[in-house]
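First comes the structure, then the notes that go with it.
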Amino acid sequence: MAFQICINLLIAVMWTFLGESYNFSGFVIGYLVGIVLLFSLRRFLKGPFYLKRVYNIVILVLIFIKELLLSNLDITKLIYARRLNINPGIFTLETDLETDLEITLLAILITLTPGTVTVAVSPDKKKLYIHAMDIVDMQDAVHSIKNSFEKHIMEVTR
């Protein structure tokens, strides 16, 4: 992926210098020409086309923003409730993630979402222990994390 980005930037810089315009619009046009060239020559390059991974990263960020906003609304409702009716608890999430980067990214995304904190990771790196401020159904919480964060982390890193 990094090699493809460097080639694309090199094509954009060359396009800018050959066009003798030396402005940002010339660079953007060169970058777009580079994308088209790399896409048409992708079978000669190692690995998948890099814009697919960039697209998956953008999707993961948008999912995190959505989860962040929804959990902030839930926490706000709890704060302004007349009576504090919550069920805090710790649950276990068995993960299919393999590398340290993937597990760390999942733990960070869970911790940054209000109302949940990653407490620990098991020594075999297959389980995460998560504290949630309000757990209605543990299976639903596990299913939600697996279908949102874990699934998209695997799309980004693999």
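The values are calculated or read from the model by the stated rules, or taken from the named source; none is laboratory data. Everything quoted here is computed from the prediction, not taken from an experiment. As a convention, Cβ positions derive from the backbone with ideal geometry for all residues, glycine included, and neighbour counts pool all protein chains shown. These area figures cover heavy atoms from the full protein model, side chains too; ligands, DNA and RNA do not enter into them. Shrake-Rupley method; radii C 1.70, N 1.55, O 1.52, S 1.80 Å.
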Out of all the residues in the range 89-121, which are part of a strand (DSSP E or B), β-branched (V, I, T) and farther than 14 Å from V142 by Cα?
V119, V121
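Considering each residue of the range 134-145, count those that are assigned to a loop (DSSP other than H, G, I, E, B) and out of contact with any Leu (no Cβ under 7 Å at 6 or more places or on another chain), and give that number. Walk me through it before giving the result.
Quick first cut of the range 134-145, residues assigned to a loop (DSSP other than H, G, I, E, B) only: 134-137.
Retained after the next criterion (residues that are out of contact with any Leu (no Cβ under 7 Å at 6 or more places or on another chain)): 135-137.
The number of residues fulfilling the criteria is 3.
Would you mind stating whether D96 is within 27 Å of M1 (Cβ to Cβ) and among the acidic types (D, E)? Walk me through how you get there before you give the answer.
Values: within 27 Å of M1 (Cβ to Cβ): yes; among the acidic types (D, E): yes.
So D96 passes the test.
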Could you count how many residues in the range 18-38 are modelled with pLDDT under 95 and either surrounded by fewer than 13 Cβ atoms within 10 Å (Cβ to Cβ) or part of a loop (DSSP other than H, G, I, E, B) (or both)?
7
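Out of the residues in the range 69-88 that are touching a residue at least 24 places away in the same chain (Cβ under 8 Å) and out of contact with any helix residue (DSSP H, G or I) (no Cβ under 7 Å at 6 or more places or on another chain), which is least open to solvent (accessible area, probe 1.4 Å)? Please lay out each step first, then the result.
At the first step, the residues of the range 69-88 found to be touching a residue at least 24 places away in the same chain (Cβ under 8 Å) are 71-72, 74-75, 78, 86-88.
The next check asks that each one be out of contact with any helix residue (DSSP H, G or I) (no Cβ under 7 Å at 6 or more places or on another chain); those that pass are 71-72, 74-75, 78, 87-88.
On the way: S71: 16, N72: 65, D74: 84, I75: 35, L78: 34, N87: 85, P88: 83 Å².
Per the stated criteria, the residue is S71.
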In the range 39-60, the residues that are of a type outside the set (A, V, I, L, M, F, W, C), within 30 Å of F149 (Cβ to Cβ) and open to solvent by 70 Å² or more (accessible area, probe 1.4 Å):
R42, K46, P48, K52, R53, Y55
